1. Of these, 50, 46, 69, 30, which one is surrounded by fewer than 17 Cβ atoms within 10 Å (Cβ to Cβ) and either touching a residue at least 24 places away in the same chain (Cβ under 8 Å) or in a strand (DSSP E or B) (or both)?
2. Give the residues of segment 193-227 that are over 21 Å from residue 127 (Cα atoms), surrounded by 20 or more Cβ atoms within 10 Å (Cβ to Cβ) and without any contact (Cβ under 8 Å) to a residue 40 or more places away in the chain, sorted by residue number.
3. In this structure, does residue 115 turn out to be over 17 Å from the mean Cα position of the chain (by Cα), in contact (Cβ under 8 Å) with a residue 24 or more places away in the chain and not in a helix (DSSP H, G or I)?
4. Give segment 118-129 a look and list any residue that's touching a residue at least 24 places away in the same chain (Cβ under 8 Å) and surrounded by fewer than 23 Cβ atoms within 10 Å (Cβ to Cβ), or say none.
5. Considering only segment 150-176, how many residues are outside any loop (DSSP other than H, G, I, E, B), at pLDDT 95 or above and either surrounded by fewer than 17 Cβ atoms within 10 Å (Cβ to Cβ) or within 14 Å of the chain's Cα centre (by Cα) (or both)?
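The values are calculated or read from the model by the stated rules, or taken from the named source; none is laboratory data. Not measured: the values here are computed from a predicted model. Every residue, glycine among them, receives a Cβ derived from its backbone with ideal geometry; neighbour counts consider all protein chains shown.
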């Protein structure tokens with residue numbers, strides 16, 4: 001079973017190429033984040049089963065832009081639901097930073113959610129999560145991950161998405177700029193260590209650990225595909241191209257016959 005996850009970027013610069021890449025993907029389950037409305041309309045024309053939820057509403061001066069989370073599956077989707085997230089209070093430095101970054105499409109946000117879908121994989125019920133954790137600071141992302149895990153319902157899980165875990169000096173300064181305590185900017189590896197422990201507590205493993213998935217850093221793993229511990233992982237790789245996004249798609253293949 002091949003699982004792919006990708007943050008397509010709501011300002012994707014190659015819409016046609018991104019849709020072609022998705023249409024030609026050889027995978028069984030696909031999780032997408034930051035899907036703009038025009039792309040969602042095109043995705044609905046493709047074959048297979050689809051589950052969707054609102055990722056975020058972006059409040060631009062010209063109007064609200066809604067982005068979506070999407071789970072696309074070759075296997076039947078028997079049910080789906082959203083996981084509501086809250087936007088934390090933003091201190092003055094964060095509001096100023098967002099204002100200064102407006103040229104790069106930063107703006108106020110609201111209406112954030114995660115998405116889950118129950119998928120029948122040859123008689124085995126699997127709950128797949130598609131998450132886009134907030135680019136804020138570690139305790140916010142940890143709360144959002146735990147909030148999503150409260151919806152696991154005792155089923156085998158696969159958890160995909162852009163987790164925005166920052167783990168190197170040039171990146172972790174954002175933890176403070178975006179509202180966290182200054183110590184979050186100095187402890188470069190603490191969030192990764194903490195989150196990997198959280199994954200393990202839910203009997204999940206991260207086959208892509210250490211692989212760069214974002215063009216901002218050669219060391220940054222933002223995109224994740226977590227699979228049950230004990231799964232037979234055949235491959236875990238990052239696709240070479242960006243297809244108009246600032247994130248590269250990632251793939252994990254597991255033996256569907258292995259039942260942890």
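1. Step by step, each of 50, 46, 69, 30 is checked, and only 46 is surrounded by fewer than 17 Cβ atoms within 10 Å (Cβ to Cβ) and either touching a residue at least 24 places away in the same chain (Cβ under 8 Å) or in a strand (DSSP E or B) (or both).
2. Matches in segment 193-227: 213, 214.
3. no
4. Within segment 118-129, 118, 120, 121, 122, 124, 125, 126, 127 qualify.
5. Qualifying residue count, segment 150-176: 5.
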